[in-house]
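I have placed the structure first, in the form of structure tokens, so that the comments after it can refer back to it.
The values are calculated or read from the model by the stated rules, or taken from the named source; none is laboratory data. The structure displayed is predicted, hence computed values, not measured ones. Note: ideal-geometry Cβ built from the backbone for every residue, glycine included; neighbour counts use all protein chains shown. The accessibility values were calculated without ligands, DNA or RNA, using every heavy atom of the protein model including side chains. Shrake-Rupley method; radii C 1.70, N 1.55, O 1.52, S 1.80 Å.
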Amino acid sequence: MVKIAVLTIRLYAPWVHSLKEKRMVVKSLLAKIRNKFQVSAAEVEDQDIHQSAVIGIAAIVPHNAQADHIMDEIVNFVEENTEAEIVAEEREIR
């Protein structure tokens, strides 16, 4: 039976001063995540708050170990590919 790995990452970007600037950062990061990991990714909260971004990522995986592995890789990738600080992350395997 397949599993669904759900990862929510809350980012804080103190240098962002407009929603347009935030959109550029978030769109770029989402595209990189989708291309590298073949997962679904979208901004899911705080769309109107310019220094905060919440991205949701979902992946279909064969088992829990694979879910944990891909979520770890995505978090590391986000840390390496944005200057924004990860202030929270939530993980769920369904």
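Quick notes
- One residue stands out in segment 43-94 among those that are part of a helix (DSSP H, G or I) and under 18 Å from residue 15 (Cα atoms): the one that is least open to solvent (accessible area, probe 1.4 Å), namely 78.
- Restricting segment 1-42 to residues that are in contact (Cβ under 8 Å) with a residue 24 or more places away in the chain, in contact with a Leu (Cβ under 9 Å, 6 or more places away or on another chain) and more than 20 Å from residue 64 (Cα to Cα), the residue that is surrounded by the fewest Cβ atoms within 10 Å (Cβ to Cβ) is 25.
- Residue in segment 39-54 that is more than 12 Å from the chain's Cα centre (by Cα), within 17 Å of residue 79 (Cα to Cα) and not hydroxyl-bearing (Ser, Thr, Tyr) present: yes
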